Each structure stands twice: as C-alpha cells, then as structure tokens.
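Trainee: Provided herewith is a single structure, encoded as structure tokens, for subsequent inquiry.
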Amino acid sequence: MYFLTSFVFAGCMIGGLVERRNHSRECGVPSFPEHYGVTCPAGAEWENTKAMEEKARWEKKPPAKRPQYSVLGTSDPWKPDWQRVLDTRKGEDEEMEMNDTRQKETVQPWLFTHPLVDHLPSLIKSAEPKSMLLKLVNTFRSQRGSATVDVKLAEELYTTALVQVKVEMDGRGSPGDMAIIYSLDAGERDIWLAAKGRDKQYGRADWTQSDAEPKSELQKVCHPYNVDRR
C-alpha cells in the first residue's frame, strides 16, 4: 500500500483487473482469460466459474422474477456449448441424431486472433478459404519456429476457428459478462429493420414509465406483452 500510495502521489493512475478489462474492451482487443473461452484452460475455467455464479444468482430469484430459459428456447443459458456450435454435421443424419445413436466427435476450438485477423477480409473473399487459412497459419508458425499444420487438418482448422467480434447496442443497453445473444429469423429481422426505419424517419419517444404503452415502433416490437412466447 505504501508503494501504491507513492505512485498515486507522483501522479500515476493505478488500475486493477477490472480496469484492465475495461481498457481492453475500449481498445477492441481481447482480455485474458474471459475472452478466450474454451480455447485455453484459463478461459474454460473462467467460463465454468462464471456459469456457476450466474446459475446460483438465478436460482435465488423467485420463478416469477427470473427468465424462464426453457420457454425462451435457450438450451445453454449458463455456459456456451462449443461442441454443439461447431458441429459441422448439422442437418446430416437427423434421424440418427434424434435417436442419439451416433457418437459425437470432440472438437477443440482455437482463437482466430492477431496476426491472422488482419487477413480476415481477404480470407472471406477467397475462393478457397480453407487452403488460404492453412497457408496463413503455416506461414506465421514457420516465422516463429513452430511446426507446420498438416494439410489433412485444413478442414478441421477452418471449421473450429473462433473469431472475436464487437457487438454494439442499437440505442440503450449495457450487456453484462456472458450475455446471451438470440438469433432472429428472416421474418423477425425484416420486422425489426422496418420498425427501425420508421422510427428514424418519424422520430421516437421514450417511455416515461416502465408499464407505459410503447410510443415507438421498435418499442412495440420488443415490448414484453408482444413477445411470441413459443
């Protein structure tokens, strides 16, 4: 403490793990270990710890005041199931999958990060992205004196890569750690875009009370009483 006090007195700014994580988020760079997930043991441990904390907090709330994930269709509310996300056999042998007669293969995701991420635009536009990715990985590994990846692993290398993205809120909102992102089908996407366009053209009014009727098209779309509870 005496050492830190002297630093502060000299004009230095002291930051801890929380400040370092916020700084990484503002710079748009991954923060270790929470942004590395299952790609490394430390990230997997962080996911497990966070999942237990979130589940314990959810269980303490009464059923009427906590989200019902079974109704919302959320299969993995506490921890992302990367094995299911990266399953390249989706849609194949559906009957066998339903009967659970086929043994699932274990895949190991890896983080598509710097310096590979600088070549992401050209990789997406490439006619042979798998071959190009294998070539890039082997080039950077050779520069660092590491063994190259066998050409037989080009398919697995491509399908198990995880790319970090930045999600910006359209309006208000501040998602917390391990926030759940729900996908929209084509019809829902069109409804949201149309509502956003009308709000942009005619303006929007914010709610004054939590139980007030929505006064904008986007608010009507996301109003809790208008949610299709399938």
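The values are calculated or read from the model by the stated rules, or taken from the named source; none is laboratory data. All of these numbers come straight from a predicted model, not from anything done at the bench. Cβ coordinates were reconstructed from backbone atoms using ideal geometry, including for glycine residues, and neighbour counts include every protein chain displayed.
Trainee: ARG172 passes all but one of (1) closer than 24 Å to PRO80 by Cβ; (2) among the basic types (Lys, Arg); (3) exposed (fewer than 11 other Cβ atoms within 10 Å of the Cβ); which number fails?
Mentor: Failing condition for ARG172: (1).
Trainee: Now, a different point. Give me a count of the residues in the stretch 127-184 that are part of a helix (DSSP H, G or I) and out of contact with any strand residue (DSSP E or B) (no Cβ under 9 Å at 6 or more places or on another chain).
Mentor: 22
Trainee: Then there is this: Select from the stretch 152-168 the residues that are at pLDDT 85 or above and of a type in the set (D, E, K, R) and write down the one among them that is farthest from GLU34 (Cα to Cα).
Mentor: Applying the filter and picking the extreme gives LYS152.
Trainee: Out of ALA44, ALA10, I need the residue that is at pLDDT 85 or above, surrounded by 12 or more Cβ atoms within 10 Å (Cβ to Cβ) and out of contact with any Ser or Thr (no Cβ under 9 Å at 6 or more places or on another chain). Which one?
Mentor: ALA44 is the lone residue from the list that is at pLDDT 85 or above, surrounded by 12 or more Cβ atoms within 10 Å (Cβ to Cβ) and out of contact with any Ser or Thr (no Cβ under 9 Å at 6 or more places or on another chain).
Trainee: Moving on. Quickly run through the stretch 56-84 and pick out the residues that are exposed (fewer than 13 other Cβ atoms within 10 Å of the Cβ) and either part of a helix (DSSP H, G or I) or of a type in the set (S, T, N, Q) (or both).
Mentor: ALA56, ARG57, GLU59, LYS60, PRO63, ALA64, LYS65, GLN68, SER70, VAL71, SER75, ARG84
Trainee: If you don't mind, another one. In the stretch 42-55, is there at least one residue being without any contact (Cβ under 8 Å) to a residue 40 or more places away in the chain and in contact with a strand residue (DSSP E or B) (Cβ under 9 Å, 6 or more places away or on another chain)?
Mentor: Yes, that holds for at least one residue.
Trainee: Can you find, within the stretch 85-104, the residue that is modelled with the lowest pLDDT among those that are surrounded by 12 or more Cβ atoms within 10 Å (Cβ to Cβ) and of a type in the set (Asp, Glu)?
Mentor: Looking at the filtered set, the residue picked out is GLU97.
Trainee: Return the total of residues in the stretch 1-55 being in contact with a Phe, Trp or Tyr (Cβ under 7 Å, 6 or more places away or on another chain), in a helix (DSSP H, G or I) and acidic (Asp, Glu).
Mentor: 1
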